[in-house]
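We did not get these values from a lab; they are worked out from the coordinates using the rules stated. Everything numeric here is computed off the predicted structure, so don't read it as measured data. Backbone-built Cβ (ideal geometry, glycine too); neighbour counts: all protein chains shown.
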Amino acid sequence: MDFDILINKDNILDKDFVPNDLVTTDNNENNFHKYKDPNLKPQISNAILPYFTLMQKDAYLNGFSIIVDSGYRSFNYQQVIWDKNVLEKGLDYTQKYIMLPGSSEHQSGLAFDVAYYRNGIYTDDVKEDDPEYNWLINNSYKYGFILRYPKDKENITHINFEPWHFRFVGINAAKIIHDNNITLEEYHLLKEKKLER
Ligand SMILES: [Zn+2]
């Protein structure tokens, strides 16, 4: 799988796709998160772990504790969420707010939602005026990560602003996306145009 792979409702992953190198991101016995079920500890692709670990370390040196709150999610898990929402809230609501199975980046192992550990307290209530968010926005590209669903880009991503959802795309792609203030969708258009030339 290419790190800059586009995954959205028009570019879906196969229902059988499971990353073959998933690793648990939090092996610390004194982990920040009181997991109700240790099997539900967040996992990401081992290929991006060194990049995440380095980013996490540098964030820490700047006073911010950033952790993975939710990483890999299977196609079937997304289907369960989808079905539950259709049943409880209707198809209209579900289509608006829930990713169709296969179209969630979480299935790739390359994306995760962040949480913080702040003043001894764990929080997944990530907001755009958080200093941690501010640091991530200005620095995550150096480690190959992008904010996947930015504000004011909803017309392109068709996903509401998600200040917690980060995606590994590789350092080169992340720098282009950051420097040009574009989305992964726009990055792929640029890439296609270059290939046509
Ligand atoms: Zn997410």
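Shown for segment 53-138 is the translational diffusion coefficient from the Stokes-Einstein equation, using the Kirkwood radius over Cα pairs, a temperature of 37 °C and a viscosity of 0.692 mPa s: 223 µm²/s.
For the chain, a Gaussian network of Cα nodes joined below 10 Å ranks Ala115, Ala174, Ala47 by mean-square fluctuation, and the top entry is Ala47. Students often get this wrong: which residues of segment 64-96 have the backbone nitrogen under 12 Å from the point 7 angstrom along Cα-to-C-beta of Val18? Only 73-77 fall inside the zone, counting backbone N under 12 Å. One decimal place: the segment Ile171-Asp26 gains 49.9 nm when fully extended, by the rule 0.36 nm per residue minus the C-alpha distance. Entry note, segment 22-196: relative contact order of 18 percent, from Cα contacts under 8 Å with a spacing of 6+ residues.
Shape of segment 22-196 from the C-alpha gyration tensor: oblate (a/c of 1.5 or more and a/b not above b/c, with a ≥ b ≥ c the square roots of its eigenvalues).
Phi angles across segment 127-141 convert, under the Karplus curve 6.51 cos²θ - 1.76 cosθ + 1.60 with θ = phi - 60°, into 3J(HN,Hα) values of 10, 6, 9, 6, x, 5, 4, 4, 5, 4, 4, 8, 10, 4, 4 Hz, Gly and Pro given as x.
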